[in-house]
Amino acid sequence: MHGVDTTFLVQIELREVPGHATAKAWLDRQLGDGEPGLALAPQVLTEFIHVVTDPRRFRHPLAMEDALDRAQLWWDAREVKPVFPSPESVHLAMQWLRAHRSGRKRLLDTDLAATYHTNGVASLLTLNRSDFIGFGLFDFVDY
């Protein structure tokens, strides 16, 4: 099962993002059987909504209602297994933030990495491998 990072959702949902067609084709091939193949944490959805509605980032951002609709479709998809933060993942994220001397710009990625790791997710779909590679726990999907 592959953990979904916000960057992957943005790439899939916005045609203006480089690699959109390639990522979409990969996703269609992977999920053709309808089995859960993706793990999705709720914090990815909130960041997704924040990013895709930002007119400073995109020429054609989504309207808030459209972003909410897309996020809901992802969350409810039968191919997606929702995974959640837990007391264990919060503790682990705090440990990692201290151990890696992470600053404020690493908070969300560290939280997400801990959530996925404590839910048994070892493979990530992301455009930002550098945000997760330092943990030494994840494989990255080339799509």
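Read the figures in this text as sums done on the coordinates, not as results from a lab. If you're wondering where the values come from, they're calculated on a predicted model, not measured in any experiment. As a convention, Cβ positions derive from the backbone with ideal geometry for all residues, glycine included, and neighbour counts pool all protein chains shown.
At-a-glance table
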read-out: 18 Å cut-off, amide nitrogen to a point 7 angstrom out along VAL17 Cα→Cβ, residues in the range 62-95; value: 62-77, 80-81
read-out: Net charge dipole size for the range 1-128 [Lys, Arg +1 and Asp, Glu -1 on Cβ; Debye, nearest 20]; value: 600 debye
read-out: Sequence ranges 109-115, 132-138, 122-128, ranked by mean other-Cβ count within 10 angstrom, highest first; value: 109-115, 122-128, 132-138
read-out: Label assignment, Cα extents along the principal axes in Å derived from the structure, set (1) 46, 28, 26; (2) 43, 31, 24; (3) 39, 37, 25; value: (3)
read-out: Net charge over other residues, Cβ less than 11 angstrom from the Cβ of VAL141 (K, R count +1; D, E count -1); value: -2
read-out: Cut-off under 5 Å, modelled amide H: who pairs with LYS81 long-range; value: GLY37, LEU38, ALA39, LEU40
read-out: Karplus-derived 3J(HN,Hα), 6.51/-1.76/1.60, for each residue of the range 96-111, Hz, glycine and proline x; value: 5, 4, 6, 5, 8, 6, 6, x, 5, 6, 9, 4, 5, 5, 5, 4
read-out: Order by protection proxy (mean Cβ within 10 Å, highest first), peptides 15-23, 69-77, 3-11, 37-45; value: 3-11, 37-45, 69-77, 15-23
read-out: Rounded to the nearest 20 debye, dipole of the range 48-122 from Cβ charges on Lys, Arg, Asp, Glu; value: 500 debye
read-out: Inter-label distance for LEU107 and ARG129, nm, one decimal - labels placed 7 Å from Cα along Cα-to-Cβ; value: 2.9 nm
read-out: Sum of side-chain charges, GLN72 neighbourhood, beta-carbon under 12 Å (Lys, Arg +1; Asp, Glu -1); value: -3
